[in-house]
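Take a look at the structure below.
The values are calculated or read from the model by the stated rules, or taken from the named source; none is laboratory data. Since the model is a prediction, treat every value here as computed from it, not as a measurement. Neighbour counts are summed over all protein chains in view; Cβ atoms, including those assigned to glycine, are modelled from backbone coordinates with ideal geometry.
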Amino acid sequence: MTAPAPVSRLRPRRSCLAVPGSNPRFLEKAQGLPADQVFLDLEDACAPLAKEGARHTIVEALNGGDWTGKTRVVRVNDWTTHWTYRDVVTVVEGAGANLDCIMLPKVQDAQQIVALDLLLTQIEKTMGFEVGRIGIEAQIENAKGLVNVDAIAGASPRLETIIFGPADFMASINMKSLVVGEQPPGYGADAYHYILMRILMAARTYDLQAIDGPYLQIKNIDGYREVAGRAAALGFDGKWVLHPGQVEAANEVFSPSQEDYDHAELILDAYEWHTSEAGGAKGSAMLGDEMIDEASRKMALVIAGKGRAAGM
Ligand code: GLV
Ligand code: MG
């Protein structure tokens, strides 16, 4: 049994940029974009015949590229294919020192996370890497994954995020829509509320981040903002971006507004003063017309924390 790694699993992930692992031009371009995270894809953005070559293209890009300031992730193929173990072995042996996480798609149960954790440990030991440093991101993309999401979220100390994969999920439950992330016509309410909340509760139970998946109408930035805004309002930490045009929108939507950030800092300062001896050691106090207490402090800390991480 290895000790959990002493790394912070809570990295900024407002914008998580998908980059096809088989396309060196995109791999080059991604390095210059202001995304918090990049994930180099061996799964659905990579054609079956291109997957083997893409493993090596990704290793070169991770080792030779400049990814300063970005969380570096590789999405491997899911365990029902025959590609997964070679994806992991090739990428982690080749570029494990320059890689932060492996993203596992279509996760269906906790055992699939445990299997990846064990494989990563074997490779880290073999290669002399720090054991446990490489994290895991789990995509929930079908009903079984969602039903098992609590166990999945608690399956390994390597886990950093639970990600909603709307495209595969919509297909898996027979949702009557072809527009990924948009509401299915005819329902009249938010068809994703239950799914997003379910994922968010599992993630928060284990101190993981919750990430919303792609929005495929890449020219419709207003539509992207609206869908991202719903996830952000619930408490999600970030969303995938498939196109440079979506990066700025994601960074904005998942950061607090300047007004909210300033107000949060004000609450924290006021609460600190009022609870101190000099301020009368009070349990609750007034800030203008607003009553603040310990719960207000916690809420303000969330907004202030996101703002500070965004450099506000
Ligand atoms: C992402 O992988 C999705 O299926 O939406
Ligand atoms: Mg998918």
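Scanning region 128-186 for residues that are within 16 Å of ligand 2 (Cβ to nearest atom), among the acidic types (D, E) and under 16 Å from the mean Cα position of the chain (by Cα), we see that the one that is farthest from I102 (Cα to Cα) is E141. At least 3 residues being under 21 Å from V91 (Cα atoms) is the threshold, and among the strands (runs of 3 or more DSSP E) wholly inside region 108-220 those reaching it are 135-140, 159-164.
Does T126 satisfy the criteria of being modelled with pLDDT of 95 or more, farther than 22 Å from D237 by Cβ and either of a type outside the set (D, E) or crowded, with 24+ Cβ neighbours inside 10 Å (or both)? Spell out the reasoning first.
Values: modelled with pLDDT of 95 or more: yes; farther than 22 Å from D237 by Cβ: yes; either of a type outside the set (D, E) or crowded, with 24+ Cβ neighbours inside 10 Å (or both): yes.
So T126 passes the test.
Restricting to region 197-217, name every residue that is more than 16 Å from ligand 2 (Cβ to nearest atom) and of a type outside the set (K, R). Step through it out loud before you land on a result.
Pass one, region 197-217, residues more than 16 Å from ligand 2 (Cβ to nearest atom): 197-198, 200-210, 217.
Across region 197-217, the qualifying residues are M197, L200, M201, A202, A203, T205, Y206, D207, L208, Q209, A210, Q217.
Okay, residues lined up against (1) within 15 Å of the chain's Cα centre (by Cα); (2) aliphatic (A, V, I, L, M); (3) surrounded by fewer than 24 Cβ atoms within 10 Å (Cβ to Cβ); (4) farther than 18 Å from D168 by Cβ:
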| site | (1), (2), (3), (4) |
| --- | --- |
| K29 | no, no, yes, yes |
| H56 | no, no, yes, yes |
| R75 | yes, no, no, no |
| Q112 | no, no, yes, no |
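With respect to T68, determine if the residue is surrounded by fewer than 17 Cβ atoms within 10 Å (Cβ to Cβ), at negative phi and in a loop (DSSP other than H, G, I, E, B).
Working: surrounded by fewer than 17 Cβ atoms within 10 Å (Cβ to Cβ): yes; at negative phi: yes; in a loop (DSSP other than H, G, I, E, B): yes.
The answer is yes for T68.
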